[in-house]
Amino acid sequence: MCGIVGYIGSREASAVVVGGLKRLEYRGYDSAGVAVLAQNGHIELRRDVGKLSNLQATLQEAPLSGHIGIGHTRWATHGAPSQRNAHPHVSMNGRVVVVHNGIVENFLSLREELEAEGVRFESDTDTEVIVQMVERYLEAGESLETAVRRTLRQLKGANAVVVMSIDRPDTLLCARLGNAGGITLGLGQDEMFIASDIPAILDYTREMVFLESRQMARLTRHAYVVTDLDGRPVRAEVHSIGWDPVSAAKGEFKHFMQKEIFEQPQALIDTVRGRVDFENGRVYLPEMNLTPELAQRIQKLIIIACGTSYYSGLAGKFMFESIARLPTEVAYASEFRYYDPIIDEGTAVLAITQSGETADTLAACELAKEMGATLWSIVNAVGSQSTRISHGYIPMQAGPEIGVASTKAFTTSLVDQYLLACALGELRGAVSAARLRQLVDDLAQLPNLAGQVLDHDDEYEAMAWHFFKAHNFLYLGRGINYAVAREGALKLKEISYIHAEGYPAGEMKHGPIALIDETMPVVALATQDHLYDKMISQIQQAKARNGVVLAVATEGDEAIRQETDYVFYVPATPPLLAPVVNTIPLQLFAYHVAVRLGCDVDQPRNLAKSVTVE
Ligand code: AGP
C-alpha cells in the first residue's frame, strides 16, 4: 500500500508533504521521498530507504524549499528497497516528476518503446515509464494536461498518479485509473492538497473530493477542476469530513474491517507488483532464495498455520499439488508440534501468518527447523519474527491489517501461495511454459474480478438484514471451496458470535445433515467448476429437509435460482484462484450481520489481532 501526498499553496511544501506521509504511518514504510519545485525553478528531490524518520533526518541536513511539492511512501515492498527505486521519479530531462500507486501491467513494452527513442531509465520500477512518457509528449509540444492524458490512456492496470512539472509551477495534476487506492483532494483557503488517504491532510482541511476511476484533476492554489480522461469537466461532490484523525484512518469507512475488505483489489495488485512479468509469463520471488537444486530436492510440503491462515493453506494445497506436483499436507500449527511429524531434508515447511508473531506458528516453525526442514513463510508484517527465522519468505504486501478479523491478508496469502506454486512448478519442471503463461495471465484480471464483487455490497447488506437473527449457520464447499466454507464460517462467528460451521459438502450425508431444518441457513459454495453438479446434489439434499440455502454462484448461472433461496453471484474465475473471489461475499455478509447486531466488528470480544500466547 503506497502513501501519496501533494501540496500547492503558501506553506513550505516539504513540511506539509512529509507531515502528511507521517499521518499515513499506519501503512509502514520501506522507502519514502519528497520533491518540490524550488525557487530556482528546478525540481529538487530527497529520497531514503527505510522508515520516514530517515527521510526526515536527510531533510534536516539538506532542507527543501518551495511552495509546491509531492511525496510518496512504499510499505513492505518486495526485494531490497533502494534509493533509485524510491518515488518520486524525475524524467530524464528534469521537466516532470511523478509519484504513483498501482501497477502498470504493460510497463515492459512501454519501456522498450521509450528506450528505443533514446530515453535513459534510472530505476527498475514500472512507475518510471509514466514520467518519461509525459516528458516525451511535452517535448513534442503537448500541454501538460494533454501529455498526462495521452500517457494515462496507454497504461494497462489500476493506477493512481500525481504529476508536477517545471513547465507549470502553479499546477498539480492527479488521476485515478481503476481501484489502485484512492486520490483525495483537500480544498483549503488559497491552498490545495492531494492524498491517498484522508488522515494525511485532515489537519489542514475537512473539505474533500474523492476522485472516481478514470477521473483526472488539475489544481492550482486557488482552484481545482475535475475532468474525465477526455478532458470533459465532471461534477465532483465535496464531502465535509467530521472524523477525528484516528477514525479518519478508516477513510470513508465505518470500520477497519470494512476498509480492509474494500482494499483487497489494491492489496492484490500490491502482492503481485514487481513479482510477475506479465509479458513473458514469469514469476520472481527474490526473498525465497529458490534454486532449481532446492526445488527439486523438496519432496514434501507441510503448511502450518492457525485460524484464517490455516484455511488459506487448505486452498494452497490444491495449488501446490496441481501446479508444482508437490505432495502437500496442511496442519494446525498448534497440533503439529505435538504429533511426531515426519521431516527430513526433503521436507519444506511453509508457515502462513499475517502477524508473523503467532506463538503456535512460531513454535511449530522452530520445531520444523530443528528437525532439518527448509522453513518458508508467507507474512504480512515484514520484519516480524517469522520472516527472521525463515530460510525464505514472501511478504503479503497487503498493507497493515488493523481489524482483528483477517480479510485482505487471507486473499493475498492465497495469491502468494499461487505465485510460489508457479515458481516451484517451473523450477521442478512440473509445469509447461504454456501453462505457466496461462496461470500468470489468469492473475492479471484478479484485482478487477475482486472489485466487481465489491460493487454488490448492498446485496450482501440486504441479505445480512434477512438472516441476522439466525443462531446457527452451515457453510458447505467441496474441493478448493471447502477452504472458503471454513473461512466464511469463521468470519461470521468471530465478529457476530453466531455459531457457524464450515463443512465438506460431501460429508453432510454422513451425519451433520441431521442438523438441517428451516432454522439453520446453509451457505453453499456452488461456483461452476468440476464439482458443480455434486454441489447441486448437496443443495437439493438440504432443500429436501426444509433447509434455507444461500449459494455463491457464477454470474450467468440462472439454473441455480431454481435450486436455492438466495444467490450471491460472483464473476467466473479460474478454479485455483476462485477462493480469492468467492470469499469476498462471505466477508461482506459476516460484516453486515455483525454491524446489524451492533457487535464490535474491529475488536470482537475475547479475540486479539495477534495471538502471541499458546
Ligand atoms: C482470523 O480472522 C483471526 N484473526 C485468526 O484466526 C487469525 O487468522 C489467526 O490467529 C492467525 O493469525 P496470523 O495469521 O497472524 O498467524
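The values are calculated or read from the model by the stated rules, or taken from the named source; none is laboratory data. Keep in mind that this is a model prediction, so the values were computed, not measured. We place every Cβ from the backbone using ideal geometry, glycine too, and count neighbours over all the protein chains shown. The accessibility values were calculated without ligands, DNA or RNA, using every heavy atom of the protein model including side chains. Shrake-Rupley method; radii C 1.70, N 1.55, O 1.52, S 1.80 Å.
Does residue 492 satisfy the condition of being over 30 Å from residue 273 (Cβ atoms) and within 16 Å of the ligand (Cβ to nearest atom)? Let's see the steps before the verdict.
Details: over 30 Å from residue 273 (Cβ atoms): yes; within 16 Å of the ligand (Cβ to nearest atom): yes.
The answer is yes for residue 492.
For region 106-143, how many residues are within 25 Å of residue 47 (Cα to Cα) and in a loop (DSSP other than H, G, I, E, B)?
9
Please go through region 284-307 and pick out each residue that is part of a loop (DSSP other than H, G, I, E, B) and more than 21 Å from residue 372 (Cβ to Cβ).
284, 285, 306
This table checks each residue for (1) touching a Gly at 6+ places or on another chain (Cβ under 6 Å); (2) in a strand (DSSP E or B); (3) at pLDDT below 90.
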residue	(1), (2), (3)
167	no, no, no
173	no, yes, no
194	yes, yes, no
212	no, no, yes
217	no, yes, no
221	yes, no, no
237	no, no, yes
247	no, no, yes
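Which residue pairs have Cβ atoms closer than 9 Å, lie 6 or more positions apart in sequence or on different chains, and pair a first residue in region 401-413 that is farther than 17 Å from residue 306 by Cβ with a second residue that is near the ligand (Cβ under 6 Å from one of its atoms)?
Cβ pairs passing all conditions: none.
If you take just the helices (runs of 4 or more DSSP H) that sit entirely in region 315-400, which of them hold at least 2 residues that are open to solvent by 40 Å² or more (accessible area, probe 1.4 Å) and either on the phi > 0 side of the Ramachandran plot or free of Cβ contacts under 8 Å to residues at least 60 places away in the same chain (or both)?
359-370, 385-389
Evaluate the following for residue 434: is it over 30 Å from residue 553 (Cα atoms), more than 13 Å from the ligand (Cβ to nearest atom), outside any loop (DSSP other than H, G, I, E, B) and small (Gly, Ala, Ser)?
Taking the combined requirement at face value, the residue does not satisfy it.
Return the residues of region 383-402 that are more than 11 Å from the ligand (Cβ to nearest atom), of a type in the set (A, V, I, L, M, F, W, C) and over 16 Å from residue 609 (Cα atoms); say none if nothing qualifies.
389, 394
Applying the selection to region 571-614, what residues are more than 30 Å from residue 320 (Cα to Cα), away from the ligand (no atom under 16 Å from the Cβ) and among the small types (Gly, Ala, Ser)? Even if it seems obvious, please write down each step before you answer.
Restricting attention to region 571-614, the residues satisfying the condition of being more than 30 Å from residue 320 (Cα to Cα) are 591-608, 613.
Add one more test, that the residue is away from the ligand (no atom under 16 Å from the Cβ), and what stays is 592, 595-598.
Correct list: 598 only.
Consider region 291-306. How many of its residues are near the ligand (Cβ under 10 Å from one of its atoms) and surrounded by fewer than 24 Cβ atoms within 10 Å (Cβ to Cβ)?
1
(1) out of contact with any Gly (no Cβ under 8 Å at 6 or more places or on another chain); (2) at pLDDT 90 or above: which one isn't true of residue 241, the others all being true?
Only one criterion is unmet by residue 241, namely (2).
Among the residues of region 403-425, which ones are within 16 Å of the ligand (Cβ to nearest atom), hydrophobic (A, V, I, L, M, F, W, C) and open to solvent by less than 10 Å² (accessible area, probe 1.4 Å)?
Once the filter is applied, which keeps residues that are within 16 Å of the ligand (Cβ to nearest atom), hydrophobic (A, V, I, L, M, F, W, C) and open to solvent by less than 10 Å² (accessible area, probe 1.4 Å), region 403-425 yields 405, 409, 410, 414, 415.
With the requirement that a residue be hydrophobic (A, V, I, L, M, F, W, C), part of a helix (DSSP H, G or I) and more than 22 Å from residue 262 (Cβ to Cβ), what does region 402-431 give you? Even if it seems obvious, please write down each step before you answer.
Our first condition is that a residue be hydrophobic (A, V, I, L, M, F, W, C); within region 402-431, this holds for 402, 404-405, 409-410, 414-415, 419-424, 427, 430-431.
Subsequent filtering for residues that are part of a helix (DSSP H, G or I) retains 409-410, 414-415, 419-424, 427.
Selection gives 419, 420, 421, 422, 423, 424, 427.
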